[in-house]
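> Before anything else, here's the structure in question.
The values are calculated or read from the model by the stated rules, or taken from the named source; none is laboratory data. In this text, all values refer to a predicted model and were calculated from it rather than measured experimentally. Cβ atoms come from the backbone with ideal geometry, glycine included; neighbour counts cover every protein chain shown.
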Amino acid sequence: MSRFFKHTIPTLFFVASTAILPAKDSKMMEGLKQSASQGDADAQLCVGCFHFYGVETKKDELESAKWIRKAAEQGNPIAQYYLGFFHYYGIGVKKDYSEAARWYRKSGDQGYALGRYSLAICYDEGHGVWKSHSKAAQLYRLAAEQGNARAQINYGICYLEGKGVKKDAIEGVKWIRKAAEKGFAPAQSNLGLCYDKGIGVQKDNAEAAKWYLKAAEKGDLAAQNNLGFCYEKGLGVKKDPSKAVQWYMRASQQGDSLALTNLGDCLRRGQGVKKDLVEAYARFVVAENDHPRAKEFLKQTAAEMSPEQIGKASLRAKQLMEQIRETTLEKNKPVPIYEGLL
């Protein structure tokens with residue numbers, strides 16, 4: 001429960017089709033295509049988005065990239081961000097971090113917050129540019145000052161970790177709180193962790209649990225697991241093992257290794273749930289490659305089981321892995337953000 005998580009490009013996006021594309025209208029689509037063909041950059045961007053999301057036309061990433069490139073080359077900052085995103089993930093174009101960074105920079109240079117934020121990610125990770133935490137922090141700050149919640153949380157974590165800026169926990173929490181108060185789940189989860197550990201604020205278990213709950217209800221895995229731990233131990237909330245199991249279950253269904261381990265431990269001990277060594281063993285198997293405690297529990301649980309039970313548990317582990325794969329496959333697919341011109 002002590003790791004901060006920066007927000008990176010592939011998660012928790014707002015779908016552009018609901019943000020910039022009008023309601024379905026075949027005549028409108030024909031008009032957009034005509035305008036796009038005549039060189040209207042805004043229309044080109046919209047047509048590209050239609051093709052990307054499969055709205056009023058067949059979903060076609062190649063066609064989407066073609067029209068968005070036309071708009072980007074005319075200087076449309078949103079299209080430039082999209083084209084950078086497409087190059088970052090290889091959507092409709094060849095995956096190329098250098099090209100991604102180049103288009104993000106063009107977008108950011110026009111003041112588009114997402115272009116700045118995305119270029120900061122490139123500097124943070126060393127993707128397409130020389131790795132530089134100081135340049136990343138500068139870009140996060142610019143986007144954060146524009147109100148971009150993703151940049152605010154990452155800029156805050158720069159201060160918490162002392163990367164690219166002088167370490168300052170109080171300043172870090174200030175920026176994370178800005179994003180959390182906008183309802184951004186990763187920021188709410190991290191703010192809960194600050195209260196949990198007394199980082200930049202006075203330690204307060206009740207306040208930690210409050211922010212974990214806000215983020216957990218939005219599907220944040222770390223918050224769900226941490227809230228489960230709060231209920232298991234009675235930290236900031238009334239001790240309730242059954243609620244702990246419920247939150248561990250929600251996070252584990254999306255493949256969180258710590259939640260799988262914690263849920264398995266509850267099943268192993270019969271805490272908050274009926275004791276079930278087969279189900280416990282299965283979860284330890286799924287988590288063992290990512291969490292050291294799962295390996296320890298796996299050995300302890302196996303010592304209490306018959307060969308037949310272990311065989312059943314191994315089959316159950318395969319089922320769980322497939323369920324998790326299906327659950328997370330679509331969720332983890334990268335989708336561009338749209339936030340308008342800030």
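> Tell me which helices (runs of 4 or more DSSP H) are completely within the stretch 214-274 and hold 3 or more residues being out of contact with any Gly (no Cβ under 6 Å at 6 or more places or on another chain) and in contact (Cβ under 8 Å) with a residue 40 or more places away in the chain, or say none if there are none.
Numbers: elements: 221-233, 241-252, 257-269.
It comes to 221-233.
> Would you be able to say whether some residue in the stretch 66-73 is closer than 17 Å to residue 46 by Cβ, in a loop (DSSP other than H, G, I, E, B) and assigned by TED's automatic domain parsing to the domain that holds residue 44? Step through it out loud before you land on a result.
So in the stretch 66-73, the residues closer than 17 Å to residue 46 by Cβ come out as 66-73.
Going one step further and asking which of them are in a loop (DSSP other than H, G, I, E, B), we end up with none.
No - not one qualifying residue is present in the stretch 66-73.
> Which one of these is in contact with a helix residue (DSSP H, G or I) (Cβ under 6 Å, 6 or more places away or on another chain) and modelled with pLDDT under 95: 255, 228? Can you show your working first?
On the way: 228 fails: modelled with pLDDT under 95.
Unique residue meeting the criteria: 255.
> Sort out which residues of the stretch 251-271 are among the basic types (Lys, Arg) and surrounded by fewer than 20 Cβ atoms within 10 Å (Cβ to Cβ), and write them in order of number. Talk me through it step by step, then tell me what you get.
First, the residues of the stretch 251-271 that are among the basic types (Lys, Arg): 268-269.
Of everything in the stretch 251-271, just one residue is among the basic types (Lys, Arg) and surrounded by fewer than 20 Cβ atoms within 10 Å (Cβ to Cβ), namely 269.
> Filtering the stretch 123-137 down to residues that are touching a Ser or Thr at 6+ places or on another chain (Cβ under 9 Å) and part of a helix (DSSP H, G or I), which residue is surrounded by the fewest Cβ atoms within 10 Å (Cβ to Cβ)?
If we filter the stretch 123-137 for residues that are touching a Ser or Thr at 6+ places or on another chain (Cβ under 9 Å), which is where we start, we get 123-129.
If we keep only those that are part of a helix (DSSP H, G or I) as well, we get 123-125.
On the way: 123: 23, 124: 23, 125: 15.
Ranking the qualifying residues of the stretch 123-137, first place goes to 125.
> Okay, moving on. Could you give me the residue pairs with C-beta distances under 7 Å whose first residue belongs to the stretch 116-144 and is on the phi < 0 side of the Ramachandran plot, whose second residue is surrounded by 21 or more Cβ atoms within 10 Å (Cβ to Cβ) and among the charged types (D, E, K, R) wherever it lies, and which are 6+ apart or on separate chains?
Cβ pairs passing all conditions: 117/150; 133/124; 136/124; 139/116; 142/116; 143/116.
> Using beta carbons and a limit of 9 Å, which pairs, at least six apart or on different chains, have the first residue in the stretch 63-80 and farther than 15 Å from residue 92 by Cβ and the second one among the aromatic types (Phe, Trp, Tyr) and surrounded by fewer than 24 Cβ atoms within 10 Å (Cβ to Cβ)?
78/338
> Right, something else. With (1) at pLDDT 55 or above; (2) part of a loop (DSSP other than H, G, I, E, B); (3) not charged (D, E, K, R) as the list, and residue 10 as the residue in question, which single condition is left unmet?
Every condition holds for residue 10 apart from (1).
> Exactly one of these conditions fails for residue 115: (1) out of contact with any Pro (no Cβ under 8 Å at 6 or more places or on another chain); (2) within 22 Å of residue 157 (Cα to Cα); (3) assigned to a helix (DSSP H, G or I). Give me its number.
(1)
> Only residues that are within 11 Å of residue 173 (Cβ to Cβ) and crowded, with 20+ Cβ neighbours inside 10 Å: list them for the stretch 187-208, please.
Hits for the stretch 187-208 are 187, 190, 191, 193, 194, 195, 200.
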